[in-house]
Amino acid sequence: MGTGPSAKKFGSRSKIKKYKRKTWLCRRVKDTDQIQDEIEKAKETGKPITFKYDDELPGGGQFYCVETGKHFTDAKALADHKKSRYYKKRCKDVKDEKYTQDYAEWAAGMTKEKLPPAHAKK
């Protein structure tokens with residue numbers, strides 16, 4: 001007779017803060033401004049974004065989607081991904097204008113307006 005299964009029950013780690021942080025960080029995707037920077041660098045250099053063969057990456061790193069920043073195992077998986085709603089939404093986000101510090105200050109109302117002097121010298 002045994003003491004039963006030694007694995008934890010499903011959902012038993014749901015309240016552990018360390019576990020939540022770890023799992024969130026490993027599944028995190030690149031931000032749109034990071035992807036826009038990569039695309040700009042590729043246009044400046046004139047070279048497409050490619051990877052050397054790497055056993056650690058899915059598909060050896062040969063099937064990469066630039067817009068989402070994901071690697072795929074084969075060409076069919078990449079083609080299916082490019083038909084998905086997530087890919088199309090991400091393409092739309094990447095095509096938008098990049099946020100800058102000037103835009104952030106304008107949105108916060110920190111613009112520097114030049115008003116005429118109240119008491120103009122004659």
Between 0 and 90°, nearest 10: helix 85-95 axis offset from the chain longest Cα axis: 30 degrees
Long-range Cα-Cα pairs in the range 7-122 (distance over 23 Å), rounded percent: 56 percent
Kirkwood-Stokes translational diffusion coefficient of the range 61-108, alpha-carbon pairs, 4 °C, 1.567 mPa s, µm²/s: 104 µm²/s
Dipole moment magnitude, nearest 20 debye, the chain about Cα centre, only Lys, Arg, Asp, Glu C-beta charged: 860 debye
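I'd like to compare 33-42, 9-18, 62-71, 93-102: which one has the highest average count of other Cβ atoms within 10 Å, and what's the full order after that?
The packing order, highest mean first, is 62-71, 33-42, 93-102, 9-18.
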Net charge of neighbours whose Cβ lies under 12 Å from the Cβ of residue 35, counting Lys and Arg as +1 and Asp and Glu as -1: -2
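None of the figures in this text is laboratory data; all of them are computed from the coordinates on show. Source: prediction; values computed, not measured. Here the Cβ is made from the backbone with ideal geometry for all residues, glycine too, and neighbour counts use every protein chain on show.
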